[in-house]
Amino acid sequence: MVGTGGPVPTFSLWDYVVFIGIIVGASGIGLFQAIRSRKEASREEFLLGGRQMTAVPVAMSLTASFMSGITVIGTPAEAYRFGTAFWLFGFAYALMSIVTAELFVPLFYRLGITSAYEYLEMRFSRPIRIIGTSMYIVQTALYTGLVIYAPALALNQSKTFYWIGSMGVLLATGAVCIIYCTVGGLKAVIWTDVLQVVVMMAGFVAVIARGAVLQGGLTKIFEDAGQGGRLDTFDFDPDPRKRHTFWTIVIGGSIMWVSIYSINQSQVQRYISCRTLGHAKMALYINMVGLWVTVSLAMLSGLTMYSIYKKCDPITNDDVATSDQLLPYLVMDILADYPGIPGLFVAAAYSGTLSTVSSSINALVAVTMEDFIIPLWKNRTEKRVTWLNMGLSVFFGALCIGMAGVASLMGSVLQTALVIFGMISGPLLGLYLLGMFFCTPNSIGSLSGLLIGLALTLWIGIGNHTTQPPWTTAAPLTTLPFVRPPLADSWYSLSYLYFSVLGVIVTMVSGFLISAATGGCKQEKLSPNLFIRKSDLFCFGGCRTSEVTLCALVMF
């Protein structure tokens, strides 16, 4: 009986047909784009789709890129365990879209960049560009490994392809992405994302619709959620140590998502592939609506799951090993009588993963070529560059598969993914803001600020992760008591959403002060194109009186 716990059915023949059909269809899009563009095999065509993409497919690709299998699996589990506070990220998505579209997109279009990190060399120096690119590669490899690991949880819970094991699932995921990234480039990735975002949303709708029928309607689901304290969305407690409050999500979440969309190559590469600046801005605003819809469907799926399992928690009942297996368990429990629907859901989780992994691989190839290889490879031909692009796609695909093994040790896939972005993207965003808004920061000060900010966020992030007591349903491997250090209840207890905020503030303040103390106000005049213009809503083309005054105070 549904909602009473215990073993659930496994995949049927039709589930396999639906699942395999969707994955083959996604790969087919990549192959089609490769054949269609075979006569235009230039570097720009491979990495940027020839800069001829339009707003709607790019918007859907932006949504799919970071609404991955982690979202399909992790966000409903978040709603099931902690309630709907995560819904407040809708505010963060809106602020992120406005900042990215009105400040960063005009700047990047004006400079005609391919890699987001080209800006760091234009504004500061080549060593800073190399460091920024290296930070992105490390962050993306870790995050993509986590993304590849997410569908393995769903496939394992639904007993899908159990004969090949988790490692076989990881290898298959990477292989599919490598194929259409290698042969089709960015255009293949974007058009494949269009299919995958539709599949993801269809998976959520299937869960919500069936759950509503079983529970007697959405009203009953919300009543159960309210009685269980899952609708306490607005918590205005200013304590920065609370995991999710209105302030941590709206302030911390906004800064974190700005760092993801404004300077992350996976996203930048998409909107600069648009044929015009107007298309790029429109893509971001359409994407904002897509994010609202996706997070709402994920939240409703989590509340549906709570309504069904409120009296028989699969976690405490040992029906699942981790919270990230809750939704796959629910799917097999309530949808097994509808052949093909469980296959649709697992394909949704898998499609989200394919979208993000393919995006990451394509972006990693782009920054490696533009930031490391092209500046040193003078006697290159388009044909050799194209072949090297394909080879790098295979290399980074293999690297991300390897990192998936590390991901299994990191805990909840949703929070871990956001922690990774907070620790690394926060200081990087602070570096960009220093360069875009102020002329005082120089290479010495900005690099120092970046390193100080990164050291601080890594210290807090790693400390936060290692001082939390292990949560597991399995028997402990040791009988030694878990000892929390003195900082565990203060510094290490800072909400993970504030990691980005801390990184931005520390990087900007320390970078500005060190620059002022090392001659930042006396450096040669820089090109106005490197700064936010009046037409970009703000005007910081030259040193203003307030900057000069602050420089004088620091130096004297």
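The values are calculated or read from the model by the stated rules, or taken from the named source; none is laboratory data. No experiment lies behind these values; they were computed from the predicted model shown. Cβ: placed from backbone, ideal geometry, glycine included. Neighbour counts: every protein chain shown. Areas reflect the complete protein model, heavy atoms only, side chains present, ligands, DNA and RNA absent. Shrake-Rupley method; radii C 1.70, N 1.55, O 1.52, S 1.80 Å.
Structural remarks
- Pairs linking a residue in region 227-255 that is within 19 Å of residue 292 (Cβ to Cβ) and of a type outside the set (Val, Ile, Thr) to a residue that is open to solvent by 70 Å² or more (accessible area, probe 1.4 Å) and part of a loop (DSSP other than H, G, I, E, B), with Cβ atoms under 6 Å and 6 or more positions apart or on different chains, are 246/234; 246/236.
- For the condition among the hydroxyl-bearing types (Ser, Thr, Tyr), surrounded by 24 or more Cβ atoms within 10 Å (Cβ to Cβ) and more than 15 Å from the chain's Cα centre (by Cα), residue 65 does not qualify.
- Any hit, region 500-512, residues being assigned to a helix (DSSP H, G or I) and modelled with pLDDT under 90: no
- Answer from 345, 372 - the residue that is open to solvent by 10 Å² or more (accessible area, probe 1.4 Å) and aromatic (Phe, Trp, Tyr): 372
To keep it simple, each residue is scored yes or no on (1) touching a helix residue (DSSP H, G or I) at 6+ places or on another chain (Cβ under 9 Å); (2) assigned to a loop (DSSP other than H, G, I, E, B); (3) surrounded by fewer than 24 Cβ atoms within 10 Å (Cβ to Cβ).
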| site | (1), (2), (3) |
| --- | --- |
| 214 | yes, no, yes |
| 226 | no, no, yes |
| 238 | yes, yes, yes |
| 244 | yes, yes, yes |
| 270 | yes, no, no |
| 283 | yes, no, no |
| 288 | yes, no, yes |
| 296 | yes, no, yes |
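- On inspection, residue 301 does not qualify as closer than 30 Å to residue 491 by Cβ, open to solvent by less than 50 Å² (accessible area, probe 1.4 Å) and not in a loop (DSSP other than H, G, I, E, B).
- Inter-residue pairs, beta-carbon under 6 Å, first of a type in the set (D, E, K, R) and in region 210-225, second surrounded by 19 or more Cβ atoms within 10 Å (Cβ to Cβ), 6+ apart: 210/334; 210/335; 224/307
Yes/no matrix, rows are residues, columns are (1) more than 17 Å from residue 262 (Cα to Cα); (2) of a type in the set (Asp, Glu); (3) without any contact (Cβ under 8 Å) to a residue 40 or more places away in the chain:
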site: 71; (1), (2), (3): yes, no, no
site: 82; (1), (2), (3): yes, no, no
site: 102; (1), (2), (3): no, yes, no
site: 137; (1), (2), (3): no, no, no
site: 141; (1), (2), (3): yes, no, no
site: 144; (1), (2), (3): yes, no, no
site: 148; (1), (2), (3): yes, no, no
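- Which listed residue is open to solvent by 20 Å² or more (accessible area, probe 1.4 Å), under 25 Å from residue 442 (Cα atoms), touching a residue at least 24 places away in the same chain (Cβ under 8 Å) and not aromatic (Phe, Trp, Tyr), from 106, 127: 127
- Scanning region 326-342 for residues that are open to solvent by 30 Å² or more (accessible area, probe 1.4 Å), in a loop (DSSP other than H, G, I, E, B) and either without any contact (Cβ under 8 Å) to a residue 40 or more places away in the chain or within 30 Å of residue 179 (Cβ to Cβ) (or both) gives 337, 339.
- Hits in region 314-325 (condition: in a loop (DSSP other than H, G, I, E, B) and either within 17 Å of residue 214 (Cα to Cα) or among the small types (Gly, Ala, Ser) (or both)): 321
- Residue in region 531-554 that is surrounded by fewer than 15 Cβ atoms within 10 Å (Cβ to Cβ), modelled with pLDDT of 65 or more and over 24 Å from residue 420 (Cβ atoms) present: yes
- Residue within region 74-92 that is closer than 30 Å to residue 316 by Cα, surrounded by 23 or more Cβ atoms within 10 Å (Cβ to Cβ) and modelled with pLDDT under 85 present: yes
- Positions within region 515-530 being assigned to a helix (DSSP H, G or I) and open to solvent by 50 Å² or more (accessible area, probe 1.4 Å), in sequence order: 517, 522, 528, 529
Each row is one residue, and each column tells you yes or no for (1) part of a helix (DSSP H, G or I); (2) at pLDDT 80 or above; (3) over 18 Å from residue 130 (Cα atoms); (4) touching a helix residue (DSSP H, G or I) at 6+ places or on another chain (Cβ under 9 Å).
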site: 355; (1), (2), (3), (4): yes, no, yes, yes
site: 358; (1), (2), (3), (4): yes, no, yes, yes
site: 362; (1), (2), (3), (4): yes, no, yes, yes
site: 384; (1), (2), (3), (4): yes, yes, yes, no
site: 399; (1), (2), (3), (4): yes, yes, yes, yes
site: 404; (1), (2), (3), (4): yes, no, yes, yes
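- Single residue of region 1-35 satisfying the filter (part of a loop (DSSP other than H, G, I, E, B), open to solvent by less than 40 Å² (accessible area, probe 1.4 Å) and in contact with a helix residue (DSSP H, G or I) (Cβ under 6 Å, 6 or more places away or on another chain)) that is modelled with the highest pLDDT: 8
- Residue identified as crowded, with 20+ Cβ neighbours inside 10 Å, under 30 Å from residue 59 (Cα atoms), touching a Ser or Thr at 6+ places or on another chain (Cβ under 9 Å) and touching a residue at least 60 places away in the same chain (Cβ under 8 Å) among 360, 323: 360
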